[in-house]
């Protein structure tokens, strides 16, 4: 069975309903996507992991198939709170966690601020250190009321261009459609600008000094051609951590799990298998 494109389970969190699902069998791995994506990002990575691992997938609140509503708090503070609630709900004794982009900060905050213990952790192209807001997102934040009012067809084209800049390989509009769909329409378009308006680098500033205290094995993986967050940030994070390894992911941009899912799955499988107990 392939990874479902429709998440079939729900959890009522403090910030809205979370859509989630599981796949595969074995020790658990939680995959946390970033922005502006969803659990769809991981579909091909899961294909390379599901025979040996039980995969937990979910959409961040305000993203993908999870609930979106006016006034919703979808900040990194809210995301890490919801992640903490999910971990309690799943009641997993030992778990491996993977965070991409915004999901990396969510994972790190879950460990460092909410004090959840992980067996091992992987950070992929992570939001870990300021500045991490892309020039396009910064422009949106500075003129949020203008962008919120753009016609739907213009919004769609802006988003297509933004997504393509996150990927190393060319993707047609039809291939991009699953990434676009959650951000379109009367609910999705406002949700997109809501989450951008709540980008705040204070949420990484407050955990950055704690990185050196992380005691668990950590893989730092970065798309070799990441134009959103320079691979030098990955090298810097590796140097902050006491028990880490740094891997560049070839033929991949910021959305490395989309660009090179086989290599990402192989790296994760090897790392978590060799991380000990």
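In this label model, residue 177 and residue 274 are separated by 4.1 nm, measuring between points 7 Å along each Cα→Cβ vector. Principal-axis analysis of the Cα atoms of the chain puts helix 185-197 at an angle of about 60° to the longest axis. Most tightly packed first, judged by the mean number of other beta-carbon atoms within 10 Å of their residues, the peptides 27-36, 118-127 read 118-127, 27-36. The packing ranking of peptides 220-233, 65-78, 103-116, highest mean first, is 103-116, 220-233, 65-78, where packing means the average number of other beta carbon atoms within 10 angstrom of each residue.
If you stretched the chain out fully between residue 93 and residue 201, how much longer would it get, using 0.36 nm times the residue separation minus the C-alpha to C-alpha distance? The partial results should precede the final answer.
Details: separation 108, 0.36 × 108 = 38.88 nm, distance 3.14 nm.
Here the segment from residue 93 to residue 201 would lengthen by 35.7 nm.
Were the residues from residue 153 through residue 165 laid out at 0.36 nm apart, the gain over their Cα-Cα distance would be 2.4 nm. Reducing the stretch 48-77 and the stretch 171-192 to their Cα centroids gives an inter-centroid distance of 16 Å. Here the sum of -39500 (n - 2.57) over DSSP H runs of 4 or more residues, divided by the residues of the chain, equals -11000 deg cm²/dmol at 222 nm, to the nearest 500. Averaging the Cα positions of each part gives two centres, and for the stretch 194-211 and the stretch 229-277 these lie 21 Å apart. The DSSP beta bridges internal to the chain are antiparallel in roughly 30% of cases.
Every number in this text was worked out from the coordinates using simple rules, so none of it is lab data. Just so it is clear, the model here is predicted, and its values are computed rather than measured. Cβ coordinates were reconstructed from backbone atoms using ideal geometry, including for glycine residues, and neighbour counts include every protein chain displayed.
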